Amino acid sequence: MTASSKCRAAFATAAASAVLAAVPVIGAQPAHAQPYPPGPPELTLTATTVDAGDDLGFTGTGFDPNEGVAAVLFSKPVKLGRFTADANGTVEGTVTIPKWTDPGKHIFRLKGLESKKSLKAKIFVRPHKPHLADTGEDRSLVMLGGTAALLALGAGTMVAVRRRQHN
């Protein structure tokens, strides 16, 4: 074997080793550092005052990974839904406050079904107000204009009839 073929063989071996070593690194996912120790459990709401019948969004932290979490409204316990925490123990969702909920102070609670961990927040519920349907069209000005035109036409007709009767 000549010196140049030995160099080529050494170079090929080094290149093949580099490729074999790089393949697992290229396909690896980046590591995400988790804060340690984890922060205290926390409950965040989109609002603390809501109308009965409206939606309430929430985010709760500190549950076990992939744990089932129940959302409940208290004074009278009302189950609002069941959610699942993600791999970090965070649960997010939206619930609807029932239309028949009594106005006043209530407690919104998230409770882990396995860990029994619980997060609470005070909310104030206002009476249900029915929302009018929005059809996308507003013809009130057309109706008002048409009504005014009919009144003017009627008044003009009466004036014309009275003048004719005097002549």
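Every number in this text was worked out from the coordinates using simple rules, so none of it is lab data. Since the model is a prediction, treat every value here as computed from it, not as a measurement. Positions of Cβ are generated from backbone atoms using ideal geometry, with glycine treated the same way; all protein chains shown enter the neighbour counts.
Quote to one decimal, in nm, the extra length available between A152 and R82 on full extension: 0.36 nm per residue of separation minus the C-alpha distance between them. Walk me through the intermediate numbers first.
On the way: separation 70, 0.36 × 70 = 25.20 nm, distance 6.27 nm.
Taking 0.36 nm per residue and subtracting the Cα distance, the gain is 18.9 nm.
S75 versus H166, label points 7 Å from Cα toward the beta carbon: distance in nm?
Each label point is offset 7 Å from its Cα along the Cβ direction, giving 7.1 nm.
Points 7 angstrom from Cα along the Cβ direction at S115 and L144: gap in nanometres?
My value for the distance between the label points is 5.8 nm.
List the lysines whose Cα sits under 25 Å from the Cα of K129, skipping any in the same chain fewer than 8 residues away.
Answer for K129, where 25 Å is the Cα cut-off: K76, K79, K99, K105, listed by chain and number.
Please work out how much length the chain gains when fully extended from K129 to T48, using 0.36 nm per residue of separation minus the C-alpha to C-alpha distance, in nm with one decimal.
27.4 nm
Would you grab the residues whose amide H sits under 5 Å from the one on D86? Only those 5+ places off in sequence or on another chain, please, with H modelled 1.01 Å from N.
Residues meeting the criterion, in which the H sits 1.01 Å from N, are N66, V91.
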